[in-house]
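A short reminder: the numbers here are calculations on the coordinates, not readings from a lab. The structure displayed is predicted, hence computed values, not measured ones. Cβ sites come from the backbone with ideal geometry, for glycine too, and all protein chains shown count toward neighbours.
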């Protein structure tokens, strides 16, 4: 039986796998795509660590900035752990060979890593590799996994956790290529399955696959989720394609302008404030632009080469000479699987969660740019170690095949259903509904409408199905299973947003525009025992 | 606007109609799947040219579907030299194995004093997104399926010149067989790379490093320069 089963092959999953393996565990990484396809590749701006390579900085300042941005909703011990671990995290990455951007300071190792300004930071703290930071970290992790002989199982879609006596025993997957349901037994499981930003279909910087599969599986298995209402909207996505333009564009000195060519906000405020300011301009009928023309060709190509290419390709503007039309869209989900100090899922022993899928309570109501890459590496290592420790004393008695048989029947039923309605238009309307009514500025009346619409969509889901009946390589089936997960999570987000009658960080509600101490707590949701899949 | 897509089940090109106007190929494929034909199968991810998932061939040339703007009459086919799983979706496992064979990672890491110019030495090479476009465009695979190929060799080069590497020779040792000398330097890989990487140049550089480590081009070794070759046997009796 495998000691540590890692689900998800992004930065968090690969890091957890490397650390569990180093501890001595047998490890398997299972993912629905290939290891380097993950959302981590899209992280651009940087990874925070108070190295002080460019001007004075201290771990205590990093902690203070993170706590301030979290608006009272973080666990300060977890924040302290993450920020204190940051310098050695960069050292670890440096040792693996991550090709960071460099300073010319005649120093060695991590002290040569270049650092840039990000929003809400009191120092130049984000270590970067041009505007490809996530990509270059992810690929270096992958190369290292190959070096360390980490086993991978690609194209396996997570179905359900197998939980007995509140302890995880294994996981069921759909082998996408073969179309078969499989069970993998494991002593410990690490969920590294990513966020649920793709719920905002059409209004998100996220990849199609960020549908919160792991968060939904934990709910179904009786685990807890928390802070689901906290969705970060990134201030600067390209207007027509929702493609991300990194915060580093503002960190390096870019301006935000309205149609009159006026700046209307301090561009280096945290993302929640900047996104709301842009949204307010758009509500007034203004178009909003990012202006980086004054940075000059040399600086743009040196620091933001990817952004320049994306603007030309998708928006037909040259950032050197033109204004970049932007709009704020869903970017990051602060909430997710509720975990304890060891990153173990509340409600499921032996199951750990790390990265965007988890709520380790380090971001609170609003995440700082540069802290998500830090979380996946610093806590990825921590999760791998803890999963290994759990596996040492875990029972090696395998689970029975009840869940596998159940999942097999459900998949089979999808194939036998005839004349089902096409779910793709619903995926689109779910995105429209969320951006419109569960978006940057919320209102109770609109939230209630959204909840009703989601419930009626859940009822119609029984009439929906797949029209592609191919057993093998059926992407139509995977799209549908992903949509079902998104639809399962939708009410948790809306109901938590309804319950939170205040404004805090990324959650902003008309009629309740201030923080209210009565709500300075996490909203934790868990299914009743009889509703879970056991 | 009409485009043709190679369907694996029938092995024929199927005609699809799209609304007029500029549209990235990935959006067009998604549009077809959502509204016309849910069986059309392709791979997709980030929409922003960085996850490496969606490479296909358009009119015989490798393109990222998310970055290519559709033109009337385009013919869309899967990558070459990859087993086709279904329609435009291919199996990338064999191609990925080249990374294991080249051992493209830091063999023995040491602390180093890196500078801005050191960053520049591998900046382009580390933009690689493993989309496999170069692998599909490489004509060597038509004759040698075991060739290590452009992306793996670019990655081997990137690590072999990293100042943090204290055993670059191991990498050089591992790229001799089916490696640097098997490349024809035709430059097809460089032409199709969506990130502007130049594997041809990297392979040329690796040849230089190989010579420094005492290796030679094996095709030269089979030629004989030591003794004159008269093209006939002088002892064969006149």
Task: Proxy reagent accessibility, fewest Cβ within 10 Å first, across A:102, A:367 - done: A:102, A:367
TODO: Between residue A:429 and residue B:212, take the C-beta separation as r, use R0 = 51 Å, and let me know the FRET efficiency to the nearest 0.05.
DONE: 0.25
Open item on the list: Rg over Rh of region B:25-112, using C-alpha atoms and the Kirkwood radius, what does it come to?
Closed with: 1.11
TODO: Compute the relative contact order of chain A as a whole-number percentage, counting only Cα pairs closer than 8 Å that sit 6 or more residues apart in sequence.
DONE: 22
Task: Cα shape, region A:212-284, gyration tensor, a/c 1.5 rule - done: prolate
Open item on the list: If you consider only alpha-carbon coordinates, what radius of gyration and Dmax does region B:93-216 have, in Å?
Closed with: 13.7, 43
Open item on the list: Quick check on the exposure proxy: order B:181, B:105 from fewest to most C-beta atoms within 10 angstrom.
Closed with: B:181, B:105
Open item on the list: Compute a Gaussian network model of chain B, connecting alpha carbons closer than 10 Å, and tell me which residue from B:52, B:60, B:21 fluctuates the most.
Closed with: B:21
- [ ] Identify which of B:118, B:91, B:74 has the largest mean-square fluctuation in a Gaussian network model of chain B, with springs joining Cα atoms closer than 10 Å.
- [x] B:118
Open item on the list: Could you work out [θ]222 nm for the protein assembly as shown from helices alone, using -39500 (n - 2.57) per DSSP H run of at least four and dividing by all its residues? Round to the nearest 500 deg cm²/dmol.
Closed with: -11000 deg cm²/dmol
Open item on the list: Please rank A:523, A:494, fewest neighbouring Cβ atoms within 10 Å first, as an exposure proxy.
Closed with: A:523, A:494
Task: Rounded, prolate or oblate (a/c below 1.5 giving rounded, otherwise prolate when a/b exceeds b/c) for chain B by Cα gyration tensor - done: oblate
TODO: Take every residue in peptide A:35-42, count the Cβ atoms of other chains within 10 Å of its Cβ, and give the average of those counts.
DONE: 6
TODO: Describe numerically, in nm with one decimal, the distance between label points set 7 Å from Cα along Cα→Cβ at residue A:106 and at residue A:389.
DONE: 4.4
- [ ] Enter the Cα centre distance for the pair region A:249-267 and region A:173-227, rounded to the nearest angstrom.
- [x] 37
Task: Degrees between helix B:150-160 axis and first principal axis of chain B (Cα, 0 to 90, nearest 10) - done: 50
- [ ] Calculate the length of the line joining the C-alpha centroid of region A:399-460 to that of region B:143-178, in whole Å.
- [x] 48
Task: Net length gained if the chain between residue A:513 and residue A:402 were fully extended (0.36 nm per residue, minus Cα distance) - done: 35.0 nm
Task: Largest-first ellipsoid semi-axes for region A:234-329, taking √(5λ) over the Cα gyration tensor eigenvalues, angstrom - done: 20, 14, 12
Task: C-alpha long axis of helix B:25-35 to longest principal axis of chain B, angle in ° - done: 40
- [ ] Could you tell me the distance between the Cα centroids of region A:99-146 and region B:25-77, to the nearest Å?
- [x] 32
TODO: May I ask you to derive the FRET efficiency for residue A:452 and residue A:88 from their Cβ-Cβ distance with R0 = 51 Å, giving the value to the nearest 0.05?
DONE: 0.55
- [ ] Please work out the Cα convex hull volume for region B:1-76 and give it in Å³ per residue.
- [x] 84
Task: For residues of A:466-474, the mean tally of beta carbons on other chains within 10 Å - done: 4
Task: Where Rh is the Kirkwood radius over Cα pairs, Rg/Rh for region A:361-456 - done: 1.13
TODO: Would you calculate the separation in nanometres between label points at residue A:77 and residue A:287, each defined as 7 Å from the Cα along the Cα-to-beta-carbon direction?
DONE: 5.3
Open item on the list: Suppose the Debye formula is applied to equal point scatterers at every Cα of region A:310-412; what is log10 I(q)/I(0) at q = 0.10 Å⁻¹?
Closed with: -0.52
TODO: Take the Cβ-Cβ distance between residue A:322 and residue B:71 as r, set R0 to 22 Å, and report the resulting FRET efficiency rounded to the nearest 0.05.
DONE: 0.35
Open item on the list: Mean-square fluctuation check for chain B, GNM, Cα pairs under 10 Å: which of B:132, B:173, B:87 is largest?
Closed with: B:173
Task: chain A: C-alpha gyration tensor shape, a/c 1.5 cut-off, then a/b vs b/c - done: oblate
